[in-house]
Every structure is written in structure tokens, then in C-alpha cells.
Amino acid sequence: GGENISSVALESMLATHPSILEVGVVAVADSHWGERPKAFITVKDGESVKGEDVIDWAKHKSDISKFMVPREVEVVKELPKTSTGKLKKNVLREWAKGKRDAK
């Protein structure tokens, strides 16, 4: 087994990246750990960043444990939200499984 990771804590840390507008983190299956975090991000207007850049940046943050650094960060155009603006984690979990048509 692995460590428990708070998706809220990881989202808060990733949101401090200067190019990131919004973050959503969900658990994905992992053959070694059982589950691991995957982050979906949107980028601020006029900014450009790749998932690998964010992972590398997170590895050098002193306020995060190494095991919390996501191995996957995917840049998306927008994050799925409810009519009240709440992040739809269930849709992100489907996206993480490769089901992009989920709403």
C-alpha cells in the first residue's frame, strides 16, 4: 500500500504555479500503489505550460512530499463543472479512464 494523499492539498499546491488557472485531481488505478493522483489543469490566458513542466516544478517544491507529486498532469481547455461552479470529480475520473465524452 501507499500513502494517503489529499486531493484538496495537492490541488491547492498545484494552483500556486504561476501559469495554472484551475486544477482538479482524481485518483487513477496503479498496479504498484493501488491508486495514484492524476491532475487536470487549465492554463491562464496568455500562458503556456505542459504537464511535464508542472510535474518537474512540483518535484522541486519544498512544501510537498515527493510521493504527492503526480506522475500525470493533463492540460485541458476547461474543467467540467456543475451549474453552481463546483468541480465534477466524477467526470474527471471518467476522463482519466480515457472516456472524454463524459459530461
Exercise. Of the conditions (1) modelled with pLDDT of 95 or more; (2) among the acidic types (Asp, Glu); (3) not in a helix (DSSP H, G or I), ASP53 clears all except one; give me its number.
Key: (3)
Self-check item: Flag for ALA15 being exposed (fewer than 15 other Cβ atoms within 10 Å of the Cβ) and within 10 Å of the chain's Cα centre (by Cα)
Solution: yes
Practice problem: Output the residue which, of all residues in region 11-36 that are part of a loop (DSSP other than H, G, I, E, B) and hydrophobic (A, V, I, L, M, F, W, C), is farthest from ASP56 (Cα to Cα). | Solution: TRP33
Quiz item: When you go through ARG71, ARG93 one by one, which is the residue that is at pLDDT 90 or above, loosely packed, with under 15 Cβ neighbours inside 10 Å, of a type outside the set (S, T, N, Q) and within 13 Å of the chain's Cα centre (by Cα)?
Solution: ARG71
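The values are calculated or read from the model by the stated rules, or taken from the named source; none is laboratory data. All of these numbers come straight from a predicted model, not from anything done at the bench. Positions of Cβ are generated from backbone atoms using ideal geometry, with glycine treated the same way; all protein chains shown enter the neighbour counts.
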